[in-house]
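Since the structure comes first, as structure tokens, the remarks are kept for the end.
The values are calculated or read from the model by the stated rules, or taken from the named source; none is laboratory data. Quantities reported herein were computed from a predicted structural model and do not represent experimental measurements. Using ideal geometry, Cβ is built from the backbone for each residue, glycine included, and neighbour counts are taken over all protein chains shown.
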Amino acid sequence: MCFLFLIQYFAGLTWLGYVVVVIAVLAFITSAYFSRGFPRIIGFIMMGTGIALEFSKGAGFHGVSEGVLLILPLLCLVTLSPMLSMPLKLNGYFQSVESFLQNLLHHPRKLFFGITSSLFILSPILNLGSIRIVSEFLESLKLPSEMSAKSYLIGFSSALMWSPYFASVSLILYYLNMPVGRYIIYGMGLSILSLLIGNLLFYLWSRNHTVSAEGFPVVQLDKTHKWQLLKLILFVMILMSSSLAIEYVTKWSMVIIVSMISVILPLMWGVLTKSWRKLTPLIKGYRDQSVPMLNNEIMLFMSAGVLAHALQGTTFANKISELLIAIAEQSFLLFAMAIMALVLLVTYIGIHQIAVIAALAMQLNADELGISTLSLAMLLLLTWSISAALSPFSGLNLMVSRLVGMTGVQTGLRTNGVHLLVLAILGISFVMMVK
């Protein structure tokens, strides 16, 4: 599906587009068969609603096909991006990150900063796998559940606002037709603001809570690991810079660029290092383990994409759009609060962020709202980050809750509610400054 879509993107063959849609529908059916629990139920509800809306609009199967094609770039990104982790695994970067965190065990506040900053760097490449890896590093330490929940959510959700290797940034900028190069500095500003707020609030929290590392030896960070960590940072910087440079020169969609880099980079690594024997097991593991683990994501993303496309132009969507425009004419602050309240309400009952935020990105026009496309993108990404951390049904919240042994409401609202509230207030203020 992914490779044929990439070919169709450059070749522009209509018939190949229909072939890709058929294969994508088969992928959805297969993923739905292997999915379990709530994601399966909500996926069927979103897909069924989307199909019903397309037929009620008179678009029929053609409208459904357009919805699938609209979400396919994101599916390619989600499916192919895990391949970026292969060079990192083989070059021993993860061991250096583990040593870095172990070196901070006896300094809780530094450890918290180390966890959040590590996730900030690793998450764009490893996605949710970054949380699982860091959790494995710290498993033996038995950190307080609240500390783990705070650090995992803050580190990961902050990265959601800046990296084009995340579905959030790629999707919103793709639908708003905005180059990543124009946005990324402002996205970094939002993300760093989130990290600063999180670490400051943890400093205040740690004054009334004890985090003990007694019985664990003091681990020194040797020069080899320091050099590896520096190379890891350089790797991420080069990866981002290359993506932005390619976008600037070619004017291709960043989603397509990231998907292509995800495939090409491991192959280049194999050629340059002549380490195909080491790379082959990872490729097989990706095929046999990583891709099948994406069943829920494929089902949720595709159904949410079809629903978002189907909502576009409906009476309900037009009424919401008119209401938001009227609010924006009165006050940008009220408009931002309305957007955030709408998304949080919908995602808190289980609807995926993609459905509502993609629908808003396609339906809203920045000029009609009297704001810039940049400020609209920043607001939507700020809202995505907060809703992903807060909603007990988001993939981020579900994973963190399972790892720390807390419910989704405890993880999102109770443990990180203050951070998300402060982030919302200061984030909206930041967006208003660049409006």
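Of the residues making up the stretch 141-176, those that are in a loop (DSSP other than H, G, I, E, B) and free of Cβ contacts under 8 Å to residues at least 60 places away in the same chain are LYS142, TRP162, PHE166.
Select from the stretch 295-319 the residues that are farther than 24 Å from ILE41 by Cα and modelled with pLDDT of 90 or more and list them in ascending order. Once the filter is applied, which keeps residues that are farther than 24 Å from ILE41 by Cα and modelled with pLDDT of 90 or more, the stretch 295-319 yields only LYS319. Out of all the residues in the stretch 56-93, which are aromatic (Phe, Trp, Tyr) and under 24 Å from LEU265 (Cα atoms)? If the condition is that a residue be aromatic (Phe, Trp, Tyr) and under 24 Å from LEU265 (Cα atoms), then TYR93 is the only one that fits.
A Cβ distance below 7 Å, combined with a sequence gap of six or more or placement on separate chains, defines the contacts here; from the stretch 289-316, residues that are closer than 23 Å to MET86 by Cα and touching a residue at least 40 places away in the same chain (Cβ under 8 Å) reach residues that are among the β-branched types (Val, Ile, Thr) and outside any loop (DSSP other than H, G, I, E, B) in the pairs VAL291/THR79; LEU294/VAL78; LEU294/THR79; GLU297/VAL78. Scanning the stretch 301-357 for residues that are of a type in the set (Val, Ile, Thr), surrounded by fewer than 18 Cβ atoms within 10 Å (Cβ to Cβ) and within 21 Å of LEU369 (Cβ to Cβ) turns up THR314, THR315, ILE325. Report whether or not PHE156 is of a type outside the set (Lys, Arg), at pLDDT 85 or above and under 23 Å from GLY405 (Cβ atoms). Yes, satisfied. The residues of the stretch 138-184 that are among the polar types (S, T, N, Q) and crowded, with 24+ Cβ neighbours inside 10 Å, listed by number, are SER148, SER151, SER157, SER158, SER163, SER168, SER170. Looking only at the stretch 1-50, residues that are in a helix (DSSP H, G or I), in contact (Cβ under 8 Å) with a residue 12 or more places away in the chain and among the small types (Gly, Ala, Ser) come to 7 in all.
The criterion of being in contact (Cβ under 8 Å) with a residue 60 or more places away in the chain and on the phi > 0 side of the Ramachandran plot does not hold for GLY412. If you check SER130, SER118 for being surrounded by 22 or more Cβ atoms within 10 Å (Cβ to Cβ), at pLDDT 80 or above and under 16 Å from ILE192 (Cα atoms), only one passes: SER118. Pick from the stretch 51-82 the residues that are at negative phi and either out of contact with any helix residue (DSSP H, G or I) (no Cβ under 7 Å at 6 or more places or on another chain) or not in a helix (DSSP H, G or I) (or both): which of them is surrounded by the most Cβ atoms within 10 Å (Cβ to Cβ)? Within the stretch 51-82, the match that is surrounded by the most Cβ atoms within 10 Å (Cβ to Cβ) is ALA59. In the set SER135, SER85, only one residue is assigned to a helix (DSSP H, G or I), surrounded by fewer than 23 Cβ atoms within 10 Å (Cβ to Cβ), in contact with a helix residue (DSSP H, G or I) (Cβ under 6 Å, 6 or more places away or on another chain) and of a type in the set (Ser, Thr, Tyr); that residue is SER135. Taking the stretch 402-416 as the range and being surrounded by 22 or more Cβ atoms within 10 Å (Cβ to Cβ) and either at pLDDT below 90 or among the polar types (S, T, N, Q) (or both) as the test, the residues that pass are THR411, THR415, ASN416. When we screen LEU345, LEU334, LEU324 for residues that are out of contact with any helix residue (DSSP H, G or I) (no Cβ under 7 Å at 6 or more places or on another chain) and not β-branched (Val, Ile, Thr), the only hit is LEU345. For MET188, the stated conditions do not hold, so it cannot be described as in contact (Cβ under 8 Å) with a residue 40 or more places away in the chain and either surrounded by fewer than 24 Cβ atoms within 10 Å (Cβ to Cβ) or not in a helix (DSSP H, G or I) (or both). Tallying residues that are under 20 Å from ALA24 (Cα atoms) and either part of a helix (DSSP H, G or I) or of a type in the set (Gly, Ala, Ser) (or both) within the stretch 263-303 yields 18.
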